[in-house]
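See structure below.
Values quoted throughout were computed directly from the atomic coordinates according to the rules given, and no laboratory measurement underlies them. Small disclaimer: the values here were computed from a predicted structure and weren't measured. For neighbour counting, all protein chains shown are included, and Cβ atoms are generated from backbone atoms with ideal geometry for every residue, glycine included.
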Ligand code: IMP
């Protein structure tokens, strides 16, 4: 029998962690979140791009834990706001703001914008580093859509209650997790990351 490979998902965001659990459920992986490592020091997200921040987190947390580490840096880019909140999505309404406060700030920034000018996209960059802090794989996924006028739904996390993916009339927060996972930026970024993880988790005799 094969011992499952340990993989740290470098996040304290329970919503994100749960999505990764579902998206990687077909892999023989022993998944951990940062909550399993209470002494780990937070890696500052000082990069200007999602890829830079995902790489900083993958390297920083793998060096501290010695584990194969997957870090996702993600956010929402709203075209009418020049791409904001972008890499600052988690801090859009201040360092300690809640999802509801960030969403309220976004809706108020878009108050005067009619439906055709509310286009947006979610972006996810995923970096994987080995236990010595060397980046092994980087991938990016995007999901286009638009921002609704009021929050709807209770699934998911973050800006899900106001984001309607293209081709749907429901927000991410109204869709079942399995439906979000078919089209989300994170699922798309994971397509290539999964190919890479497969090479690590399939025993060499079966490749
Ligand atoms: P990160 O931890 O710096 O990557 O923060 C990403 C932030 O972007 C989250 O705190 C959310 O506010 C937002 N975000 C990223 N992905 C999603 C998603 O799938 N749904 C809703 N909000 C998201």
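Using Cα centres only, tell me the gap between the stretch 105-142 and the stretch 8-83 in whole Å.
Between the Cα centres of the stretch 105-142 and the stretch 8-83 lies a distance of 13 Å.
Treating the angle as unsigned and between 0 and 90°, give the value, to the nearest 10°, between the Cα long axis of helix 185-201 and the longest Cα principal axis of the chain.
The angle comes out at about 0 degrees.
By count of other Cβ within 10 Å, fewest leading, how are 192, 74 ordered?
Values: 192 15, 74 25.
Exposure proxy ranking, most exposed first: 192, 74.
Does the chain come out rounded, prolate or oblate, given a ≥ b ≥ c as the square roots of the eigenvalues of its C-alpha gyration tensor, rounded meaning a/c under 1.5 and, failing that, prolate meaning a/b above b/c? If you can, show how the numbers build up before the last one.
Details: a/c = 2.16, a/b = 1.65, b/c = 1.30.
Verdict is prolate for the chain.
What is the packing order of peptides 67-73, 160-166, 144-150, taking the mean over residues of other C-beta atoms within 10 Å and listing the highest first? Please list the in-between numbers first.
Numbers: 67-73: 25.9, 160-166: 21.6, 144-150: 17.7.
Per-residue Cβ counts within 10 Å, averaged per peptide and sorted highest first, yield 67-73, 160-166, 144-150.
Just subtract the alpha-carbon distance of residue 111 and residue 199 from 0.36 nm times their residue separation and send over the number in nm, one decimal.
Numbers: separation 88, 0.36 × 88 = 31.68 nm, distance 4.76 nm.
Extra length from residue 111 to residue 199 when fully extended: 26.9 nm.
Calculate for the chain the 222 nm mean residue ellipticity that helices alone would give, adding -39,500 (n - 2.57) per DSSP H run of length 4 or more and normalising by residue count, nearest 500 deg cm²/dmol.
Working: 5 runs with 61 residues, N = 207.
Mean residue ellipticity, 222 nm, calculated: -9000 deg cm²/dmol.
When you count, for each residue, the other Cβ atoms within 10 Å and take the mean per peptide, how do 130-143, 4-17 rank with the highest first?
Values: 130-143: 16.6, 4-17: 18.2.
The densest-packed peptide leads the list: 4-17, 130-143.
Given a 10 angstrom Cα cut-off, can you work out which residue in 115, 93, 84 is the most mobile in a GNM of the chain?
Result: 115 has the largest fluctuation of those listed.
For residue 39 and residue 5, calculate 0.36 nm times their separation in residues minus their Cα-Cα distance, and state this gained length in nm to one decimal.
Numbers: separation 34, 0.36 × 34 = 12.24 nm, distance 2.22 nm.
The span from residue 39 to residue 5 would gain 10.0 nm if fully extended.
In nm, what is the difference between 0.36 nm times the number of residues separating residue 149 and residue 52 and their Cα-Cα distance?
Working: separation 97, 0.36 × 97 = 34.92 nm, distance 3.19 nm.
This chain segment gains 31.7 nm when fully extended.
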